[in-house]
Amino acid sequence: MDPNMNQNNQMGVEPQMMNPQEQVQAQVLNYNDVNTTVQEEKQSSSLKKVAIFFVFIAVILIGGGVYYKVLGPEEEPAPTAPSTTKAASPTNGTSTCTLADEQGSNNLIRKTIYTMNFDESLLLISYTKDYTATTIPDDVQSDSTFLDEQTNLRVLAKAVTTKPINGYSLTLTEPATTDSPKTLNAKVIIDFAVLNTNDLTKELIENTVTNVDLKKGDSKDAVETALRSYGYICQ
């Protein structure tokens, strides 16, 4: 009896040896595996080289841009158009003086506003006189006084319209017949730069509303002092 028989039985079937054909197939499979691994490594290496190439190009471009920005030629500032702003002219002085009779002491409620313009030396060069008359409710005498004043101013305004005077204007705003109370407004504008006071008619001079009662070249202080003496409030 073979003394190794029991040992062989315990260890199982003895491995069989590969025949020549099987050895060739195994070698082919091993070659394919090796070839596949090599190709993958080559592809991976190529991708890495491409990536490194683009990173290299990007670094060159960024570095070149920074170099140009830092060391390149400075941009010349755009030429500035010459200023066309002129020095501001001296501001003309102005003044407003107001006289209001709210009690209607002369049968009408009256209000007169002088708006005066002065040159840089504060000498009078023009002014506006704005006059308003309003009837007193339930006062028959007030209605009569109002009608007389309206008629007179209407005639004067028509005369100035018919024969204009340089540097002088008179505008009349009359109430509607149904208004109650009635209000009349007369605005006189005087420009001493072109006005010749000799052109004023006797009728315009004699009427306190239409008369040119301030003088060209009067100082601001003199004008305000005169108007305050008649009860005007100036500001």
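The values are calculated or read from the model by the stated rules, or taken from the named source; none is laboratory data. Remember, predicted model here, so these are calculated numbers, not experimental data. So basically every Cβ, Gly included, is an ideal-geometry build from the backbone, and we count neighbours across all protein chains shown. In case anyone asks, the SASA skips ligands and DNA or RNA and just uses the protein heavy atoms, side chains included. Shrake-Rupley method; radii C 1.70, N 1.55, O 1.52, S 1.80 Å.
Residues that are assigned to a loop (DSSP other than H, G, I, E, B) and either touching a Cys at 6+ places or on another chain (Cβ under 8 Å) or of a type in the set (S, T, Y) (or both) within the stretch 214-234 comprise S229, Y230, Y232, listed in sequence order. Would you please name the residue that is most open to solvent (accessible area, probe 1.4 Å), looking only at residues in the stretch 101-142 that are polar (S, T, N, Q) and more than 41 Å from the chain's Cα centre (by Cα)? Checked the stretch 101-142; the qualifying residue most open to solvent (accessible area, probe 1.4 Å) is Q103.
One line per residue, one yes/no per condition, for (1) surrounded by 13 or more Cβ atoms within 10 Å (Cβ to Cβ); (2) among the charged types (D, E, K, R):
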{"position": "R154", "(1), (2)": "yes, yes"}
{"position": "T162", "(1), (2)": "no, no"}
{"position": "L172", "(1), (2)": "yes, no"}
{"position": "T178", "(1), (2)": "no, no"}
{"position": "I190", "(1), (2)": "yes, no"}
{"position": "D199", "(1), (2)": "yes, yes"}
{"position": "L204", "(1), (2)": "yes, no"}
{"position": "G231", "(1), (2)": "no, no"}
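The set of residues in the stretch 172-213 being under 40 Å from the mean Cα position of the chain (by Cα), farther than 15 Å from A157 by Cβ and part of a loop (DSSP other than H, G, I, E, B) consists of F192, A193, V194, L195.
The conditions of being part of a helix (DSSP H, G or I) and surrounded by fewer than 15 Cβ atoms within 10 Å (Cβ to Cβ) are not met by T145. Among the residues of the stretch 211-226, not a single one is of a type in the set (G, A, S) and either touching a Pro at 6+ places or on another chain (Cβ under 7 Å) or buried (at least 17 other Cβ atoms within 10 Å of the Cβ) (or both).
Taking each residue of the stretch 149-170 that is over 26 Å from I125 (Cβ atoms) and looking for partners that are part of a helix (DSSP H, G or I) with beta-carbon atoms closer than 9 Å, six or more apart or interchain, yields N152/E203; V155/E203.
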